[in-house]
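This report concerns only the one structure given below.
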Protein chains: 2
Amino acid sequence: MTVDRGTRPARRAVPSSRPPGVDLAHASDGGEESAARPVPEATVARLAVYLRVLTSLLADGRGTVSSEELAAAAGVNSAKLRKDLSLIGSCGVRGVGYDVSRLTAEVEATLGLDSPHAVALVGVGNLGHALAGYGGFAQRGFPVAALFDVDPALVGTVIDGVEVQHADAIDAVCAARGVTIGVVATPAEAAQRVCDHLVSAGVRSILNFAPTVLSVPAGVEVRKVDLAVEMQVLSFHVARRHGTVSAAGPAAPSRPTPREVFSR
Amino acid sequence: MTVDRGTRPARRAVPSSRPPGVDLAHASDGGEESAARPVPEATVARLAVYLRVLTSLLADGRGTVSSEELAAAAGVNSAKLRKDLSLIGSCGVRGVGYDVSRLTAEVEATLGLDSPHAVALVGVGNLGHALAGYGGFAQRGFPVAALFDVDPALVGTVIDGVEVQHADAIDAVCAARGVTIGVVATPAEAAQRVCDHLVSAGVRSILNFAPTVLSVPAGVEVRKVDLAVEMQVLSFHVARRHGTVSAAGPAAPSRPTPREVFSR
DNA sequence: AGTTGTGAAAGTCTTCACAGCA
DNA sequence: TGCTGTGAAGACTTTCACAACT
């Protein structure tokens, strides 16, 4: 998926003089020693992957892991992994490796997974419905706190214990339930409007499945998941014949020309 | 989504001396002037986005666009867009802009969308089912040619005109139907096995929704979509208080500590 | 006057390779 | 001896800014 880190406003101006990335430093009210270690965006995404591996190691009762092993399981190179971990201030033990449970806790803390984030899902159509029933969300600390749609046939129905409400209620309900993350799974046409409502309800992080670029004010983070883009990137590689033929004839012979139609 | 370009083997050795990216040059049998212009991976992903915008412009009957306008609609900066387009050899007209229909064709050709790619979807569970019924696939030139699962309750059912077959038939069916792209939407445990079958059936591009790293031989392209990772990255930003509070109280007060459980 | 195409500069991320510690 | 932590080098991207063309 094209994981476009959506709008990344106001950043241009800084002529830079210090490494990039997101400042840690909890911006806590008391201005302690804000040494603020920056964590690169790229690293943040990988931390989530490491966490998955760590969790299963933990379940297996493993006490320690080497950077080599953890890296292999996460599909990255070990130097990168070590650098990533060093950035969040973790410390492994030279000659031994990393303590699995401690590292797990450290990564969770960095990702802000110490407390759950209530999620609002807007658009309970095909994809939205699947996401709502996904289960993975709740299990991983992202309980679905609210569902919205505009279809009268859907409003009022209950999915996995959560009632679908009319999209008009987004502002009120999200604010009331302390929603911190919004998921947009509506058709492209409705996405921006929905997004605006979420933002006005105080939501600062949005996961966008709609095939549109959402514009949001500074301070709001948007991540985009676009299946069509993923497929097209793969298509590109097929066309470049990544690794010549093997089994099966040289793929399907020509057929009528398709055409970008639209999506969702 | 963490858009991990999966395994990217054998590339290390090259001390490099030429710009990066994927060589164009159709590797056609006749060795014509293989000037081979490389297209960076990052550019490929954006081309798909541009294409979406172009398509809707085309539908609106627009004749030309400026890089400025196209870039804005795609959510990127105009210099980047111009550079991207210059890489695929497109030519706009100075002082005027780009010809919408010509550019559309050019981008489609570059992405290999001239002919449809038969897609096989493995795992017709929650998410898989939604994807199968998605519609967006077929409309965009990626007809779902085969569906697979191991659940006896699903095998034999028909979704959107395609019958679900047992996963054991992957090799035979994919080869027979000329499948070029595989989508893995199974639980993590089954993903690698399924992947191996797809590869042995000649599939060279895989979109992986399962929360595991797939290992594939060189020449096979894997892209990964991981919802949990996306959510966790957003969580990170929430924790960093991207843009201080606004409406709604300071989000939900602390609650019991969650825990990475697993996904799918 | 308006807009593309692009060299060069700046930024960001990855990888190497090795010192340093257990 | 084994493995982490990290400076420095390298690879890849983005952005600037302007010449070139209509």
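Data table
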{"quantity": "Accessible surface of segment A:36-110, 1.4 Å probe, proportion on carbon and sulfur as whole %", "calculated": "52"}
{"quantity": "Karplus (6.51, -1.76, 1.60) ³J(HN,Hα), θ = phi - 60°, over segment B:125-142, in Hz, Gly and Pro reported as x", "calculated": "x, 3, 5, x, 4, 4, 5, 4, x, 3, x, x, 4, 4, 4, 9, x, 10"}
{"quantity": "Sulfur and carbon atoms: percent of accessible area, segment A:117-252 [1.4 Å]", "calculated": "58"}
{"quantity": "Accessible area in square angstrom per residue, segment A:118-227, 1.4 angstrom probe", "calculated": "31"}
{"quantity": "Inter-site label distance for A:A42 and A:V150 at 7 Å from Cα along Cβ, in nm", "calculated": "4.1"}
{"quantity": "Cα-centred dipole magnitude for segment A:36-110, charges only on beta-carbon of K, R (+1) and D, E (-1), debye, nearest 20", "calculated": "180"}
{"quantity": "Using a Förster distance of 25 Å, the FRET efficiency for B:A79-B:A59 (Cβ separation, nearest 0.05)", "calculated": "0.40"}
{"quantity": "Shielding by other protein chains, A:39-45, mean Cβ within 10 Å", "calculated": "4"}
{"quantity": "Within segment A:88-146, trypsin sites (Lys or Arg not before Pro) in DSSP loop having at most 16 other beta-carbon neighbours inside 10 Å", "calculated": "A:R94"}
{"quantity": "Dipole-positive endmost among B:S56, B:P40, B:G97 within segment B:36-110 (Cβ charges, Cα centre)", "calculated": "B:P40"}
{"quantity": "5 angstrom amide H check on A:V222, placed H, neighbours 5+ away", "calculated": "A:G6, A:T7, A:I206"}
{"quantity": "More than 16 angstrom apart: percent of Cα pairs within segment B:80-141", "calculated": "60"}
{"quantity": "Estimated distance in nm for a label pair at B:E163 and B:E68, the labels positioned 7 Å out from Cα along Cα-to-Cβ", "calculated": "5.9"}
{"quantity": "A:R193-B:R177 pseudo-label distance in nm [points 7 Å out on the Cα-to-Cβ vector]", "calculated": "3.7"}
{"quantity": "Accessible area buried, both sides summed, chains A and B with 1.4 Å probe, Å²", "calculated": "9100"}
{"quantity": "Estimated dipole of segment B:118-227 in Debye, rounded to 20 [Cβ of Lys and Arg +1, of Asp and Glu -1, Cα centre]", "calculated": "360"}
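The values are calculated or read from the model by the stated rules, or taken from the named source; none is laboratory data. Keep in mind the model is a prediction, meaning the values are calculated, not measured. Cβ: placed from backbone, ideal geometry, glycine included. Neighbour counts: every protein chain shown. Surface accessibility is based on the protein's heavy atoms, side chains included, excluding ligands, DNA and RNA. Shrake-Rupley method; radii C 1.70, N 1.55, O 1.52, S 1.80 Å.
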